[in-house]
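Read through the structure below, which is laid out as structure tokens, and then see the notes.
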Amino acid sequence: MKRKTVMASLVFILGIPVLVFGASFQIDPAHSSFGFKVRHLTVSNVKGTFDKVISGSVHFDDVNLSITKAEVVIDAASINTAHAKRDEHLRSPDFFDVTKHPTITFVTKQVMRNGPDRLKVTGDLTMLGVTREIVLDVLGPSPEIKDPGGNVRRGFSATGKINRKDWGIRFHKVLETGGLIVGDEVEISVEGELIRK
């Protein structure tokens, strides 16, 4: 009986690191996208992506969300709306001013459950030298799977909304009808695939 108690204690103790420390992942840029959508001329939406991830790490614990964290750094100049002239304008001081501010970063502050398979992620988004808190709704992360190469992977989808003026993007032209050429509200959408380190 005593031996069983000792063995059970060892199993419990040895299991603690898994529960406390979770697992670390890196973002797979080849299978991830960082997109946005903004209203144009009040009649349609323009979509775009940032195509270059400089670095991206996620430390996730399914049991203890308080130690879950993520940090992503994106190349601001990699903005792509499938229109070369517009993309050059977006890289200019009117918008992202990529010469002075070459990166966009996101760092988590809090991760909470928000229903089955859903998380509410609060973090700091830094653009143009301005840092403000945003909230993302996250579906996932998915259960771990092993790819044909033996890598362990998980995936997630995230959405959120921001006002571009909060980060100093104040390009402002008004139509004769009173609407803005470029809307203030920007919808964020992320599709992330993670590889366990």
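The values are calculated or read from the model by the stated rules, or taken from the named source; none is laboratory data. Just so it is clear, the model here is predicted, and its values are computed rather than measured.
Examine segment 82-98 for a residue that is within 24 Å of A23 (Cα to Cα) and acidic (D, E), and state whether such a residue exists. No, the conditions are met nowhere in segment 82-98. Counting residues in segment 170-180 that are of a type outside the set (K, R) and in a strand (DSSP E or B) gives one or more. Scanning segment 53-86 for residues that are of a type in the set (D, E, K, R) and over 17 Å from L125 (Cα atoms) yields D61, D62, K85, R86. Inclusion of T105 among residues that are closer than 22 Å to G183 by Cα, modelled with pLDDT of 95 or more and in a strand (DSSP E or B) is not warranted.
For segment 54-88, the set of residues classified as more than 19 Å from E187 (Cα to Cα) and assigned to a strand (DSSP E or B) consists of I54, S55, G56, S57, V58, H59, F60, K69, A70, E71, listed by residue number.
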